[in-house]
Amino acid sequence: MLLDQPLYAAGIKSDRVKGHGTIVASHLEIARATANCYADVGIGMRSAAQLFERDFVPLQAARYDLVVPKAYLKSHPR
């Protein structure tokens, strides 16, 4: 979706993009593929890209909440 919407807006069919249908199992695999020159680009997280010293261009921002049970906080104050 992060790639398909801009392609559609630009009038580019996804089947014209080499490797568009390639799917890997994790963000780390994407970063590894670019680091090993198996791919030129991939959509993944900044932290994975940084682990492999890859450049990163953000496509969107996302907010995540961390939920921790109160009982855990009492026994682990830090």
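Results, tabulated for the structure shown:
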quantity: Subset of the range 48-64 (residues that are more than 16 Å from Leu2 (Cβ to Cβ) and modelled with pLDDT of 95 or more); calculated: Gln50, Leu51, Phe52, Glu53, Arg54, Asp55
quantity: Total residues in the range 14-42, condition surrounded by 11 or more Cβ atoms within 10 Å (Cβ to Cβ) and on the phi < 0 side of the Ramachandran plot; calculated: 19
quantity: Those helices (runs of 4 or more DSSP H) lying entirely in the chain with at least 3 residues touching a helix residue (DSSP H, G or I) at 6+ places or on another chain (Cβ under 7 Å); calculated: 27-35, 46-51
quantity: Any chance Arg63 is within 15 Å of the chain's Cα centre (by Cα), among the basic types (Lys, Arg) and surrounded by 12 or more Cβ atoms within 10 Å (Cβ to Cβ); calculated: no
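The values are calculated or read from the model by the stated rules, or taken from the named source; none is laboratory data. Computed from a prediction, not measured in an experiment: that's the story for all the values here. In this analysis, Cβ positions are derived from the backbone assuming ideal geometry, glycine residues included, and neighbour counts consider all displayed protein chains.
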